[in-house]
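First the structure, in the form of structure tokens, and then the observations on it.
The values are calculated or read from the model by the stated rules, or taken from the named source; none is laboratory data. Since this is a predicted model, take the numbers as computed values, not measurements. Don't worry about glycine lacking a Cβ; one is built from the backbone with ideal geometry, like all the others, and counts go over all protein chains shown.
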């Protein structure tokens, strides 16, 4: 049995929650889901320029967990851009107890 997920503090709720290539109908696109904790990790590390240790404390998770979340987020975003996929931002259904 796995450990339950720790609540993750998320300070950023985006105004837009969907991005797609222009000129291609949504029905023709593969959809990639970026969870709010992944977006928050991207925001803290790449937009705010925080070091992983400080960003992990801000999200109330370990540095190693922060690194895994950030790597997954970067992989999803890069894949969506390179492959021309739609990017949907949504809450992590496994993390319903998280702080928003």
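Couple of notes before you dig in:
- Verdict on residue 55 being at negative phi, touching a strand residue (DSSP E or B) at 6+ places or on another chain (Cβ under 7 Å) and surrounded by 14 or more Cβ atoms within 10 Å (Cβ to Cβ): no
- The set of residues in segment 84-100 that are surrounded by 13 or more Cβ atoms within 10 Å (Cβ to Cβ), at pLDDT below 85, outside any helix (DSSP H, G or I) and over 11 Å from the mean Cα position of the chain (by Cα) contains only 98.
- Hits in segment 16-41 - residues which are within 12 Å of residue 87 (Cα to Cα) and assigned to a loop (DSSP other than H, G, I, E, B): 16, 17, 20, 21, 29, 30
- Residue check, residue 44 assigned to a helix (DSSP H, G or I), free of Cβ contacts under 8 Å to residues at least 60 places away in the same chain, under 20 Å from residue 75 (Cα atoms) and in contact with a helix residue (DSSP H, G or I) (Cβ under 8 Å, 6 or more places away or on another chain): yes
- Failed item, numbered, when residue 45 is tested on (1) under 18 Å from residue 10 (Cβ atoms); (2) exposed (fewer than 14 other Cβ atoms within 10 Å of the Cβ); (3) modelled with pLDDT of 95 or more: (2)
- Residue 71 vs. criteria modelled with pLDDT under 95 and surrounded by fewer than 20 Cβ atoms within 10 Å (Cβ to Cβ): no
Okay, residues lined up against (1) in contact with a strand residue (DSSP E or B) (Cβ under 6 Å, 6 or more places away or on another chain); (2) on the phi < 0 side of the Ramachandran plot; (3) part of a loop (DSSP other than H, G, I, E, B); (4) at pLDDT 95 or above:
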| site | (1), (2), (3), (4) |
| --- | --- |
| 11 | no, yes, yes, no |
| 14 | yes, yes, yes, no |
| 50 | no, yes, yes, yes |
| 76 | yes, yes, no, yes |
| 82 | no, yes, no, yes |
